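This report concerns only the one structure given below.
The values are calculated or read from the model by the stated rules, or taken from the named source; none is laboratory data. The model shown is predicted, which means the values in this text are computed figures rather than measured ones. Using ideal geometry, Cβ is built from the backbone for each residue, glycine included, and neighbour counts are taken over all protein chains shown.
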Amino acid sequence: MTKFPKPKPGPDDMHIGRILKRRRDARRETLEDVAFDAGTDASNLSRIERGLQKPSVLFLGKIAEALGTQVSSLYQELEESTEAGPGRAKPPPEWHADLMRLQPHFKELPEAKRAILIDMAKMLKRHKK
């Protein structure tokens, strides 16, 4: 029986690895940083980001946690990108990178301080110039 090699993902193929890379880049983290937090090595994470390897659900949960998000958010972003059509993934809003950098700090704040931060954002929104 002849075995045929798996086709490599093309530039138009959207897969969960591209979403992981997008999130990691938005947080300005290295492969090594996220891989360490997820309990793996950078080469393994790199293969996932390039679509050469598919993570298990359990491992995807660990990667999502290392990126400060949830698996459901990753798949929602993947679905939205896929709906935009091949090669035409919707770019994240301009503030997405800022939000990704803020998220780990926000999660560490006590509830009262998170409420203050939300109130401050609402106040800034009302007084934008």
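Search the range 107-124 for residues that are modelled with pLDDT of 85 or more and pair each with any residue that is in a helix (DSSP H, G or I) and surrounded by 10 or more Cβ atoms within 10 Å (Cβ to Cβ) when their beta-carbon atoms are under 7 Å apart and the residues are at least 6 apart or on different chains. If the second residue must be in a helix (DSSP H, G or I) and surrounded by 10 or more Cβ atoms within 10 Å (Cβ to Cβ), the pairs left are 109/117; 114/106; 117/106.
Please find, within the range 23-49, the residue that is surrounded by the fewest Cβ atoms within 10 Å (Cβ to Cβ) out of those that are assigned to a helix (DSSP H, G or I) and of a type in the set (S, T, N, Q). Don't jump to the end; show me each part of the working.
Taking the range 23-49 and keeping what is assigned to a helix (DSSP H, G or I), we get 23-26, 31-38, 42-49.
Remaining after also requiring of a type in the set (S, T, N, Q): 43-44, 46.
Details: 43: 11, 44: 16, 46: 15.
That would be 43.
The number of residues in the range 60-92 that are part of a helix (DSSP H, G or I) and either modelled with pLDDT of 95 or more or touching a helix residue (DSSP H, G or I) at 6+ places or on another chain (Cβ under 6 Å) (or both) comes to 10. For the range 50-58, indicate whether the set of residues that are modelled with pLDDT of 85 or more and surrounded by 15 or more Cβ atoms within 10 Å (Cβ to Cβ) is non-empty. Yes, the range 50-58 contains a residue that is modelled with pLDDT of 85 or more and surrounded by 15 or more Cβ atoms within 10 Å (Cβ to Cβ).
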